[in-house]
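First comes the structure, then the notes that go with it.
The values are calculated or read from the model by the stated rules, or taken from the named source; none is laboratory data. Note that this is a predicted model, so its numbers are computed, not measured. Here the Cβ is made from the backbone with ideal geometry for all residues, glycine too, and neighbour counts use every protein chain on show. Accessible surface areas use protein heavy atoms only, side chains included; no ligands, DNA or RNA. Shrake-Rupley method; radii C 1.70, N 1.55, O 1.52, S 1.80 Å.
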Amino acid sequence: MLDLLVTNATLPDGRTGMSLAVQDGRFVEVTAGLQAPAHETLDAGGLLVSPPFVDAHFHLDATLSYGIPRINASGILLEGIALWGELKPQLTHEALVERALAYCDWAVSRGLLAIRSHVDTSDPRLVTVEAMLDVQQRVAPYLDLQLVAFPQDGVLRTAGGLDSLTRALDMGVNIVGGIPHFERTMAQGADSVRLLCELAAERGLPVDMHCDETDDPLSRHIETLAAETQRLGLHGRVVGSHCTSMHSMDNYYVSKLLPLIAEAQVSVIANPLINITLQGRHDTYPKRRGMTRVPELMAQGVRVAFGQDCCMDPWYSLGSGDMLDVAHMGLHVAQMTSQAAMRRCFDAVTEAPAAIMGLDGYGIAPGRFADFVLLQAADPVEALRLRATRLQVRRRGQLLATNPAARATLSVPGRPATVECRQALSVSADTP
């Protein structure tokens with residue numbers, strides 16, 4: 001007898017009337033119309049069943065610290081970094097863990113079951129590293145948490161920066177980060193990329209580097225990152241996060257840059273909510289959008305994901321762990337409004353970041369882990385439009401969270417008694 005049988009499900013690839021059979025925490029069959037005895041059955045009612053959401057770029061050590069010790073009045077990136085510097089001496093293990101666990105609760109409630117978090121290694125106390133390693137262990141039964149050793153103040157700019165980062169790796173953080181555009185000079189930024197990529201190659205670790213989070217079109221560290229990836233044979237193990245300077249670069253240079261990134265198999269993570277908020281701050285009008293060239297990167301075959309990045313911290317006063325909110329902003333900023341493009345935006349918070357993080361057993365297919373979200377939507381596009389309610393969130397087939405359906409009651413003569421704001425699609429899903 002099966003542990004769980006889900007019937008009448010719609011999958012993100014468009015298949016309908018699907019049955020998902022779960023045994024021992026994994027899908028054992030995914031097929032249309034299956035009927036079999038099970039300890040538990042779930043009728044999806046034709047709604048969308050998706051693999052869980054994935055956030056491949058976040059800062060869990062800073063989350064939910066908004067207003068401590070003060071609010072970022074200007075809203076700019078550099079004030080956020082300065083404010084984080086003011087907060088660091090006040091950080092305690094207990095407070096860091098408490099805030100991070102609270103955010104993970106939010107994440108689970110919204111079907112977000114995998115997060116890659118950058119952890120600041122600039123403070124030699126490494127209290128943030130110790131706390132996030134603690135959180136990683138605590139949430140392991142219900143959420144996959146990866147940690148990146150991130151030298152927020154610059155690995156060369158900070159006294160002892162490389163030593164602190166290396167100690168973080170020795171403590172169990174297993175991804176190498178960096179922030180070359182925040183080093184003192186362009187040359188030092190390039191040196192930091194080479195240094196950190198060599199360190200990752202020596203230890204057999206992945207690289208996930210904040211790259212060119214600036215409006216300066218001459219900030220071209222993504223080029224160095226791609227070149228070092230090729231030189232050291234790190235293909236498929238390297239990520240350039242943000243890459244916002246690309247929105248300000250001239251098209252000729254970008255026409256050379258994109259193939260280099262693709263050939264090196266470097267993935268890119270854009271952070272729509274934060275990029276559209278922090279970038280373009282020095283512009284009057286017209287204002288630059290601030291997000292990297294997502295559709296152009298995708299067209300070159302580069303794997304692109306969307307990240308939440310921040311939530312109620314020194315850089316961003318909003319956020320809730322809702323990856324549909326992230327993708328919704330991403331499709332607007334990138335003007336990815338065709339049916340196919342919107343589906344790629346849904347993939348950018350599910351399949352793409354899961355591949356970037358190398359998540360084992362991810363996806364709805366036989367043999368994969370039975371991790372999934374039942375959404376109050378008919379397909380990925382409707383899920384994005386509505387930021388659809390997560391009716392159920394399950395991991396290994398076990399129920400983690402439920403949310404009541406979004407439904408309004410009307411008292412309008414001659415009109416329906418309830419409204420869900422849903423509308424059946426009247427065009428082909430293959431419409432470009």
Discussion item. Checking the condition in a loop (DSSP other than H, G, I, E, B), among the hydrophobic types (A, V, I, L, M, F, W, C) and on the phi < 0 side of the Ramachandran plot, which residue from Ala62, Ala114 passes?
Written reply: Ala62
Worksheet item: What do you reckon, is Ala95 in a helix (DSSP H, G or I), at pLDDT 95 or above and either surrounded by fewer than 18 Cβ atoms within 10 Å (Cβ to Cβ) or among the hydroxyl-bearing types (Ser, Thr, Tyr) (or both)?
Response: yes
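Just the residues that are part of a helix (DSSP H, G or I) and farther than 27 Å from Asn403 by Cβ, please, taken from segment 298-332. Talk me through it step by step, then tell me what you get.
Of the residues in segment 298-332, the ones part of a helix (DSSP H, G or I) are 298-299, 323-332.
Met298, Ala299 - these are the residues of segment 298-332 that are part of a helix (DSSP H, G or I) and farther than 27 Å from Asn403 by Cβ.
Can you find, within segment 256-282, the residue that is farthest from Val239 (Cα to Cα) among those that are assigned to a loop (DSSP other than H, G, I, E, B) and aliphatic (A, V, I, L, M)? Can you show your working first?
Let us first name the residues in segment 256-282 that are assigned to a loop (DSSP other than H, G, I, E, B), namely 264-266, 271, 279-282.
Next, only the ones that are aliphatic (A, V, I, L, M) stay: 264, 266.
On the way: Ala264: 10, Val266: 5 Å.
Across segment 256-282, the extreme among qualifying residues is Ala264.
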Fill in: Every pair of residues 6+ apart whose Cβ atoms lie under 7 Å, when the first sits in segment 218-233 and is farther than 18 Å from Gly177 by Cβ and in contact (Cβ under 8 Å) with a residue 12 or more places away in the chain while the second is open to solvent by 20 Å² or more (accessible area, probe 1.4 Å) and in a loop (DSSP other than H, G, I, E, B)
none
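Answer yes or no as to whether Val108 is part of a helix (DSSP H, G or I), open to solvent by 10 Å² or more (accessible area, probe 1.4 Å), β-branched (Val, Ile, Thr) and under 20 Å from Ala401 (Cα atoms). Talk me through it step by step, then tell me what you get.
Numbers: part of a helix (DSSP H, G or I): yes; open to solvent by 10 Å² or more (accessible area, probe 1.4 Å): yes; β-branched (Val, Ile, Thr): yes; under 20 Å from Ala401 (Cα atoms): yes.
So Val108 passes the test.
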Worksheet, complete the sentence: Going through segment 359-391 in order, the residues found to be touching a residue at least 40 places away in the same chain (Cβ under 8 Å) and over 20 Å from Gly14 (Cα atoms) are Leu359, Gly361, Gly367, Phe369
Worksheet, complete the sentence: Expected single match for modelled with pLDDT of 95 or more, open to solvent by less than 10 Å² (accessible area, probe 1.4 Å) and either assigned to a helix (DSSP H, G or I) or touching a Lys or Arg at 6+ places or on another chain (Cβ under 7 Å) (or both) among Val155, Val135, Val239 is Val135
Worksheet item: Can you name the residue in segment 24-55 that is of a type in the set (S, T, N, Q) and free of Cβ contacts under 8 Å to residues at least 60 places away in the same chain and is also surrounded by the fewest Cβ atoms within 10 Å (Cβ to Cβ) among such residues?
Response: Gln35
Worksheet item: How many of the residues making up segment 74-90 are in contact with a Leu (Cβ under 9 Å, 6 or more places away or on another chain) and either closer than 18 Å to Cys211 by Cα or without any contact (Cβ under 8 Å) to a residue 24 or more places away in the chain (or both)?
Response: 3
